[in-house]
Each structure stands twice: as C-alpha cells, then as structure tokens.
Amino acid sequence: MLDYETLKLVWWVLVGALLIGFAITDGMDMGVGSLLPFVARTDTERRIAINTIGPHWDGNQVWFITAGGALFAAWPLVYASAFSGFYMAMLLVLFALFFRPVGFDYRSKIESPVWRNVWDYGLFAGGVVPALVFGVACGNLLQGVPFYLDELLRSHYQGSLLGAFVPLLNPFALLAGLISVGMLTTHGAIWLQMRAGDPVDARARAIVMKLAPAVAVAFALAGIWMWFGVEGYRVISEPPRDALPNPLAKEVAREAHAWFDVYRRMPIAALVPLIGLAGPLAAAHFARLRRPALAFVASALGMAGIIGSMGVSMFPFVMPSSVDPRSSLTIWDAASSHLTLNVMFWAVALFLPLVLAYTVWCYARMWGRVTAATIDSHSHSAY
C-alpha cells in the first residue's frame, strides 16, 4: 500500500489528467458543435461536420463522467462544496448537454429545414454553453469561492443558489470563459480540418488561423491580470500531510502574487504555462501549412498547458474560500481515506491502459475523411 501523502499527490495528478483528457476528447466534439453554424452552410455540409464526431462523441463524454466520479471518490468535500456552490451553473451545463444526444438522434427524422436548423442550433448551444460555464468556474476558483465550513465540516455557500449565479459572471471569470470557448472551438476546427472534406475543412482552417492566436493572447492577458488584479492563497501552517483530513486545522493567507509562488520555488514549473502559450500558436502555424495532424497535437498540448497552469498555480489548493480562507480545501485535507485512495489507485492502474487501448483502436477503425459522397454509405448517416 502506498503511503497516504503520496496517494494524495497521485490523485491530484490523476484528476487533472482526467480533466485534460475530457477537454481534448469531448472538447473537440463541443468545438465542432460550436462551429456548426459557421463552417457548414448547407444541410449536406452540416451532416459532414456532424458525422466527423457522431460515431464517438458519447465515448468521449465518458471522460467527463469519470472525472466527476473520481472527484466524488477522491475529494468528497470538494465535490460537495463545488456542486452546492455551482449548482445553477452545473444545471445549465447539463441542460445544454441534453441537446447533443437528442439533436444527433432527431435532426434527420424530419426532412424540414426549420426542424433541422432548430436542432443544429441546439448542438451549437451544447458546444458553447458547457465550454463557457467550465471556463467561468475556473476563473472563479482562481479568485476564491464564497463558501465556508462549520465545525462539523459542512459546507455553506453564501447567498441563494440563483442569486449567487450572477456574481460568478465577473470580468476575470468571463475572460477565463472566453479562453475556454476559444480553446475548444480551435480544437474542434482542427478536427474538422483533418476529417471533413472540402469546403468545410477550408473554412475550419481559416478559423484556426484566426482563433488560435487569439486564445494565446487571451491566455497571456489572463496571466497579467492574475499578477496585478487577482489575490492568491498561501498556506501559512498546516498539520502533517499524512494526517487525517481536517481543513480547519490549517492557517491560510490571501495575498497578492501568491498564485505565482510555485514558479519561484520551482522555476521548471514555468514550462507548463509556456506550453499553454506556445500550443495555440504552433497549432495556427501547422494549420496554415496544411498539417492538421500536427496542429491537433499542438492544440492538445496547448490545452494541457492552459489547464495545467491553473492546477500548478493553485497547488496545493483545489477550492479556495473567499469568505473564510481557513476553510479552503487542498489536496492534503480534502481527500478520502487512505484505503479508498489506495483501492481506487490500483483499479485505475489495471483498467486505464485497457480503456486507452480500446479508445485508440476505435479511432483507428473509423479514421478517414467524411465527404458528401461518404455520409450516406456509413452506418451513422442518419445524422
């Protein structure tokens, strides 16, 4: 059995990897949905775009479900506090995601332009809304969430759920939301450049060359904003990291530039945001050279860098509290029991390679460009 402190750190890495995997795989599908009204101007072109993601979108969404399950099992206090604080936001995400399975199944049931346009814009909402909400949530995490823990470690969110939703839409959080939308949309456009036939791929390529540099600029702007306008959190004192979790047993200070402490202690950590900055720029370069496969890899690395920058900057915090900094949750004091983390670790070690191998096999089987001549010959032509 691995020691408790090591397991806490391992599960921080694993949950981060699941979130990055979700962004790269299902984010690609959401990006295609958000581009549907712009890259496809006829019903045939929209069918081409949808058929590039139709066979595997549901499999990609498993990353999201698994990340939620891992969050619940590894950090139950974070799960409880986050879902109570962001309840309305999570409902908005779920309602938007409902459009995808229904839209895929029903858009071609009736040969009516009005009917199909309604479902196409539903797929558009299913791509844009979750990406925006996830980004806004990340922006609020960096600023601190208004909750506190009582003496029984019960989470209390300040304000009503509906009334608290509007303050979440602050300028910095909206910038983070725009970065998220731009990042996933760029990734979806690169996927269309790889998989869709002409003219959809040409329009997607033009979008990548404009949007990817904008993502890099917005990411750099967010970093400058964090330095000058966002206070971070710093642990002043805490019990031993292998002790039983008790978030209220530590002392936390909220100070300017605290989110940049890790880069002073470990300069090599600066590689993570640098990858997040270079990835979109490299993706735009490869898209311009008509090398979409390399652009896709660069985009995936950029997404990993952008998401990883948040995790590295906040370490060891997972959910800081703006109301009572002492109630902030870290990877050391919000984790499950030693036995739970250990059992889950060996389950992941056994099944994750099998899942990854199956995913690669599925993508290899369905690889090929989707054109007007091929959509009717495939089993998923109903899209």
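Taking residue 153 as the residue in question, decide whether it is on the phi > 0 side of the Ramachandran plot, out of contact with any Asp or Glu (no Cβ under 8 Å at 6 or more places or on another chain) and not small (Gly, Ala, Ser). Can you show your working first?
Working: on the phi > 0 side of the Ramachandran plot: yes; out of contact with any Asp or Glu (no Cβ under 8 Å at 6 or more places or on another chain): yes; not small (Gly, Ala, Ser): yes.
For residue 153, the condition - on the phi > 0 side of the Ramachandran plot, out of contact with any Asp or Glu (no Cβ under 8 Å at 6 or more places or on another chain) and not small (Gly, Ala, Ser) - is met.
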Among (1) at pLDDT 95 or above; (2) open to solvent by less than 60 Å² (accessible area, probe 1.4 Å); (3) touching a Phe, Trp or Tyr at 6+ places or on another chain (Cβ under 9 Å), residue 344 falls short only on (1)
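Yes/no per residue for (1) of a type in the set (Asp, Glu); (2) over 30 Å from residue 223 (Cα atoms); (3) touching a strand residue (DSSP E or B) at 6+ places or on another chain (Cβ under 8 Å):
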| position | (1), (2), (3) |
| --- | --- |
| 108 | no, yes, no |
| 111 | yes, yes, no |
| 122 | no, yes, no |
| 131 | no, no, no |
| 136 | no, no, no |
| 141 | no, no, yes |
Within the stretch 1-48, work out how many residues are open to solvent by 20 Å² or more (accessible area, probe 1.4 Å) and of a type in the set (Asp, Glu). 4
Output the number of residues of the stretch 219-253 satisfying the condition of being open to solvent by less than 30 Å² (accessible area, probe 1.4 Å) and part of a strand (DSSP E or B). 4
Anything in the stretch 347-383 that is open to solvent by 50 Å² or more (accessible area, probe 1.4 Å), in a loop (DSSP other than H, G, I, E, B) and at pLDDT 70 or above? List them, or say none. 369, 372, 373
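Considering only the stretch 266-303, how many residues are within 17 Å of the chain's Cα centre (by Cα) and either outside any helix (DSSP H, G or I) or not small (Gly, Ala, Ser) (or both)? Before the answer, list the steps.
If we filter the stretch 266-303 for residues that are within 17 Å of the chain's Cα centre (by Cα), which is where we start, we get 272-273, 275-277, 279-280, 296-303.
Next cut, either outside any helix (DSSP H, G or I) or not small (Gly, Ala, Ser) (or both) only: 272-273, 275, 277, 280, 296-297, 301, 303.
So the answer is 9.
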Please work out if residue 151 is over 14 Å from the mean Cα position of the chain (by Cα), surrounded by fewer than 19 Cβ atoms within 10 Å (Cβ to Cβ) and in contact (Cβ under 8 Å) with a residue 24 or more places away in the chain. yes
Residue selected from the stretch 196-206 under the condition surrounded by fewer than 21 Cβ atoms within 10 Å (Cβ to Cβ) and of a type in the set (A, V, I, L, M), by the criterion farthest from residue 260 (Cα to Cα): 202
I'm trying to understand the selection: among the residues of the stretch 323-341, which are open to solvent by less than 10 Å² (accessible area, probe 1.4 Å) and assigned to a helix (DSSP H, G or I)? 327, 341
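Find the helices (runs of 4 or more DSSP H) located wholly in the stretch 86-175 whose residues include 2 or more that are at pLDDT 85 or above and under 30 Å from residue 252 (Cα atoms), and list them. If you could, list the steps in order and put the result at the bottom.
Values: elements: 87-97, 99-106, 113-143.
Filter on the stretch 86-175 gives 113-143.
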Any chance you could count how many residues in the stretch 92-111 are under 22 Å from residue 143 (Cα atoms) and open to solvent by less than 70 Å² (accessible area, probe 1.4 Å)? 1
When you scan the stretch 309-322, do you find a residue that is open to solvent by less than 40 Å² (accessible area, probe 1.4 Å), out of contact with any strand residue (DSSP E or B) (no Cβ under 8 Å at 6 or more places or on another chain), closer than 23 Å to residue 183 by Cβ and not aliphatic (A, V, I, L, M), even just one? yes
Out of (1) part of a helix (DSSP H, G or I); (2) modelled with pLDDT under 90; (3) open to solvent by 30 Å² or more (accessible area, probe 1.4 Å), the one residue 51 does not meet is (3)
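Quick one: would you say residue 98 is within 21 Å of residue 40 (Cβ to Cβ) and out of contact with any Ser or Thr (no Cβ under 7 Å at 6 or more places or on another chain)?
Working: within 21 Å of residue 40 (Cβ to Cβ): no; out of contact with any Ser or Thr (no Cβ under 7 Å at 6 or more places or on another chain): yes.
Against the criterion (within 21 Å of residue 40 (Cβ to Cβ) and out of contact with any Ser or Thr (no Cβ under 7 Å at 6 or more places or on another chain)), residue 98 does not qualify.
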If the Cβ limit is 8 Å and pairs must be 6+ apart or interchain, which residue in the stretch 125-147 that is on the phi < 0 side of the Ramachandran plot and open to solvent by 10 Å² or more (accessible area, probe 1.4 Å) pairs with which residue that is aromatic (Phe, Trp, Tyr) and at pLDDT 90 or above? 142/172; 142/259; 143/172
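The values are calculated or read from the model by the stated rules, or taken from the named source; none is laboratory data. This one's a predicted model, so the numbers in the text were calculated from it and none came from an experiment. Using ideal geometry, Cβ is built from the backbone for each residue, glycine included, and neighbour counts are taken over all protein chains shown. Remember, those area values only see protein heavy atoms, side chains included, never the ligands or the DNA or RNA. Shrake-Rupley method; radii C 1.70, N 1.55, O 1.52, S 1.80 Å.
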